[in-house]
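Visitor: Submitted below is the structure of interest, expressed as structure tokens.
The values are calculated or read from the model by the stated rules, or taken from the named source; none is laboratory data. What you see is a predicted model, and the numbers here were worked out from it, not measured in a lab. Every residue, glycine among them, receives a Cβ derived from its backbone with ideal geometry; neighbour counts consider all protein chains shown.
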Protein chains: 2
Amino acid sequence: MSDDLDAIDLRILEHLQQDASLSTAELADKIGLSQSPCWRRIQRLRDEGYIKRQVAILDRTKLGLDMQIFAQIKVGRLDDTERAAFERSINNVPEIVECYSVFGELDLMIKVVAPDVRWYQEFVFDTLMKLPGVQDVRSVMTLSEMKYTTAMPLPRKGGARTAAASKKR
Amino acid sequence: MSDDLDAIDLRILEHLQQDASLSTAELADKIGLSQSPCWRRIQRLRDEGYIKRQVAILDRTKLGLDMQIFAQIKVGRLDDTERAAFERSINNVPEIVECYSVFGELDLMIKVVAPDVRWYQEFVFDTLMKLPGVQDVRSVMTLSEMKYTTAMPLPRKGGARTAAASKKR
DNA sequence: TATGAAAAGATAATCCC
DNA sequence: GGGATTATCTTTTCATA
């Protein structure tokens, strides 16, 4: 449970969260290390949970999913059982790609991918409104995606003040 | 540019977007195919752009990034040059992980990851408010992440009415 | 404790059917 | 699409510092 990352670990993570198809040798080369230590570090980063998983990112629009909508939802008080059921429902709807409980007037912020407006309209009435306790749904349709990344900010070499660098662990 | 996916392609995509660390042989086995055709299909799905890339998903909280915030931003009219500069700025800030232009009262919806409230406060004043044309920032802090996935909904075997299935291509 | 070189094993990529 | 071959990469072992 040694819990600190050195500069080399961070460079490995930075590369892998941009492109996990790199071979160990290529990656080792990029960071000026030989294969074995590079491989062991990757293994350790996996074992310690810094790397959660490795996934393929698909082209949303090529799959006909041209729309993305943020839906803000007002939910009434739920007991623990209802809450668990709610969360299970959310996870069973593949078109809901993100869901957060949030501070403020509305209780949930969810991100939905959809093929078109008609589909989404049905989705709101047939799926969202039927989730337990849902009282109100306010939808914000996106016009364009200016940025979408799965990459987390990591402390950078220059010691620049980034999010990841400012937190004492 | 043959543009249709059969049931096997979809099963391959489904597996890979959940776990891209599967070997071709393992994947082939899961879908009842032998290695060569499975490999060729994966290659084709890559070439045709259905698979955009392969990334490592890191553990946000292990990196000290415990907060996620949706910031809705009002931006004044921008000409093309300013717009391009804006988009470049967004892409240069690693803590901004998603950014969409949206319909409605406010113009942009961005998702930010941050270590703590203090960091985020500084970020709003030192970074967000200094982006060209920004007039107003409204922040919604998330309390908990109920779902986050990079996986897109794909048409399913049963012919269930999913988002991906309803769009004619 | 970490590295590098090299062997052993597994996988990816190509061939032919 | 399948089977077999080759090339490449991953993983282990071992020697070194």
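Visitor: Looking at (1) away from chain A (no Cβ under 11 Å); (2) more than 16 Å from DNA strand C (Cβ to nearest atom), can you tell me which one B:Glu87 breaks?
Guide: Of (1) away from chain A (no Cβ under 11 Å); (2) more than 16 Å from DNA strand C (Cβ to nearest atom), only one is false for B:Glu87: (1).
Visitor: Could you tell me which of the residues B:Gln17, B:Gln54, B:Gln68, B:Gln72 is within 16 Å of DNA strand D (Cβ to nearest atom), under 24 Å from the mean Cα position of the chain (by Cα), outside any loop (DSSP other than H, G, I, E, B) and at pLDDT 95 or above?
Guide: Values: B:Gln17 fails: within 16 Å of DNA strand D (Cβ to nearest atom); B:Gln68 fails: within 16 Å of DNA strand D (Cβ to nearest atom); B:Gln72 fails: within 16 Å of DNA strand D (Cβ to nearest atom).
On inspection, the qualifying residue turns out to be B:Gln54.
Visitor: Okay, next question. Only one of A:Val137, A:Val113 is more than 30 Å from B:His15 (Cβ to Cβ), out of contact with any Phe, Trp or Tyr (no Cβ under 7 Å at 6 or more places or on another chain) and touching a residue at least 40 places away in the same chain (Cβ under 8 Å); which?
Guide: None of the others qualify; the one that does is A:Val137.
Visitor: Scanning for something over 30 Å from A:Ala7 (Cβ atoms) and either within 16 Å of DNA strand C (Cβ to nearest atom) or more than 7 Å from chain B (Cβ to nearest Cβ) (or both), does segment A:40-59 turn up at least one residue? Let's see the steps before the verdict.
Guide: So in segment A:40-59, the residues over 30 Å from A:Ala7 (Cβ atoms) come out as A:58-59.
Adding the requirement that they be either within 16 Å of DNA strand C (Cβ to nearest atom) or more than 7 Å from chain B (Cβ to nearest Cβ) (or both) leaves none.
Scanning segment A:40-59 turns up no residue that is over 30 Å from A:Ala7 (Cβ atoms) and either within 16 Å of DNA strand C (Cβ to nearest atom) or more than 7 Å from chain B (Cβ to nearest Cβ) (or both).
Visitor: Could I ask something else about it? I'm trying to understand the selection: among the residues of segment B:97-109, which are farther than 17 Å from B:Leu78 by Cβ and surrounded by 20 or more Cβ atoms within 10 Å (Cβ to Cβ)?
Guide: Within segment B:97-109, B:Val97, B:Glu98 qualify.
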